[in-house]
Structure formats: C-alpha cells, structure tokens
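Derivation of every value follows stated rules applied to the coordinates shown; laboratory data play no part. Quantities reported herein were computed from a predicted structural model and do not represent experimental measurements. Cβ placement follows ideal geometry from the backbone for every residue including glycine, while neighbour counts extend to all protein chains displayed.
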Amino acid sequence: MRINKYLSDAGVCSRRKADEHILNGKIKINGRVAVLGDTAEESDKVTFKERPVNLSENKIIYALYKPRGIISTASDERGRKNVLDLVPKSPRVYPVGRLDKESEGLMLLTNDGDFAHKLSHPKHGSEKEYQVTFYAKRDISKDLIVSKLIKGMLIDGVIMKAKNVEILKSDGNRHIVNLVLTTGHNRQIRKMCDKIGLVIAKLERIRISNLKINDLKIKPGEYKKISIGEIQYDN
C-alpha cells in the first residue's frame, strides 16, 4: 500500500499530514528516507522520526465531546492541551477533521485510515451540524441572514456556504441557529459569519452524519467508544 495510507492505517496521522511528514524527510522505509508515492507492506520496517511504526490490528473509533479551550490537532509545538489528552493513549488514534480552539462539540478520533478519509473527504458529502449563537453588528433581518449563509460567499478564493440554516430563536440582534455543512474549510462558519457582520458567542458541533451528541449522552471532556456500524457514511 502507499506509504501515506500505511501511516494513516497505523494511526500516526491523516494521509494529508503523512504527505507533509514524507516531504520533510521524517519517514523512512527499511532505513531509506521515503518519498511521495512509495509503498510499504507489513514486512517492511517503517519509522517516523526514527520510531517504529506498526499497522494497527484493532480499529478504534471514539466519539468525543471537545470542550472549549482544547485544540483539535494531534500535537502542538506550544505544548497546549489537545484532544488526544482526553482519550486512551493506546492504541494511538488521531482526529477526523477539526474544531477550532474556541469551538466545542462532537469530534471523532480513530486509527482507521480508510474510515477517516471517507468521512472527512468533501466528495462524500457527510453532513456536520452546528448550533451557533451570534449577535448581529448591524440591523439585518433573519431571512437575509439565512439567505446569505445558504447562497454562500467568496472567502479565501473559494465559495463557502451552508447546506441548511434553521433559526431556533431570535431576541433583538441575538440569534441561535442550527447550521449544516458538507464541507470543512478552516474556520468556515466563523469566516462566513464575520463576512456578513455576525459575532459568534458560541459554536457547538451537535451532529456528524447520523451521530448526534445528545444521543451519545457525553459531557464536555468525555468520550464514548463506538462501532463503525453506528455511523452512516459513503463507503
């Protein structure tokens, strides 16, 4: 198999991150520095930063309620607490997608590279639902807010938009909405809201595909082991 998939299946990192490690010369196959496109099998000796990497036999998926203030990357140069500090250390897992530090809610962590790739890749269109509380900096109607978020806008060279927006509650310039995305651009909701003059007070991911955080009955900082059969996705 390709070396980036090998590293993903071993729970080291995502395929995209694996490509970065390969380009930076951190991966070796049988003592040779790996290059993009290399392949590796179980019989090969693969190392990451000189540490052995073995394929994971047991596939694990954790559903985690990420609290605010915790970063969602697998490591941090500044030593800040991350989501891996909230789940068992072995077998090693990594996050599927991300939530920014000030956001909270449902995240999945796994050592199953194929599952992570299929769930997070935009072409599969897996839905993620968020409950967002925001304040309008200027007078703007509820209907116009919904229209702008669904129609989309050009940000960072791409069109960012929501699949669906439902206003749950409005009180003056304060609104609570449920918003569904099928793409995962970096800080997408925050950038969209900022573009139309909305200041986010709270952002919580409440659903990934058919998996709802309320059904899991977990609190911030807690996790639950789930099976792949509990999640609907395009395989």
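Some points to look at:
- Residues considered: ASP139, ASP100, ASP44. Largest GNM mean-square fluctuation over the chain, using C-alpha springs under 10 Å, is found at ASP139.
- The GluC sites (Glu not before Pro) of the range 191-230 meeting both criteria, a DSSP state outside H, G, I, E and B (loop) and at most 14 other C-beta atoms within 10 angstrom of the site's C-beta, are GLU222.
- Once the C-beta distance of LYS142 and LYS163 is scaled by a Förster radius of 25 Å, the resulting FRET efficiency is 0.85 to the nearest 0.05.
- Rounded to whole numbers, the Karplus 3J(HN,Hα) couplings from phi for the range 61-68 are 10, 10, 9, 10, 8, 6, x, 5 Hz, using 6.51 cos²θ - 1.76 cosθ + 1.60 with θ = phi - 60°, and x at Gly and Pro.
- Among GLY11, GLY97, GLY31, the residue with the largest mean-square fluctuation in a Gaussian network model of the chain, with springs joining Cα atoms closer than 10 Å, is GLY31.
- Full-stretch length increase - ILE155, ILE200 - with 0.36 nm per residue and alpha-carbon distance subtracted: 14.4 nm
- Springs join every pair of Cα atoms under 10 Å in this Gaussian network model of the chain, and among VAL199, VAL180, VAL96 the largest mean-square fluctuation is at VAL199.
- Here the spin labels are modelled as points 7 Å beyond Cα on the Cα-Cβ line, and at MET1 and GLU50 they lie 2.8 nm apart.
- Reciprocal mean inverse distance between Cα atoms of the range 3-53 - Kirkwood radius, Å: 10.3
- Cα-derived Rg over Rh, computed across the chain with Rh taken as Kirkwood radius: 1.02
- Taking a sphere under 10 Å around the Cβ of LYS128 and counting the other residues whose Cβ falls inside, with K and R at +1 and D and E at -1, yields a net charge of +1.
- Projecting label points 7 angstrom from Cα along Cα→Cβ for LYS219 and SER75 puts them 3.3 nm apart.
- Virtual paramagnetic centre 7 Å along Cα→Cβ of LYS26, amide N under 20 Å, in the range 42-56: 45-56
- Filter on LYS101/LYS169; LYS81/LYS195; LYS151/LYS202; LYS17/LYS219 - keep pairs with C-alpha separation over 27 Å: LYS81/LYS195; LYS17/LYS219
- Dividing the convex hull volume of the alpha carbon atoms of the range 47-119 by its residue count gives 100 Å³ per residue.
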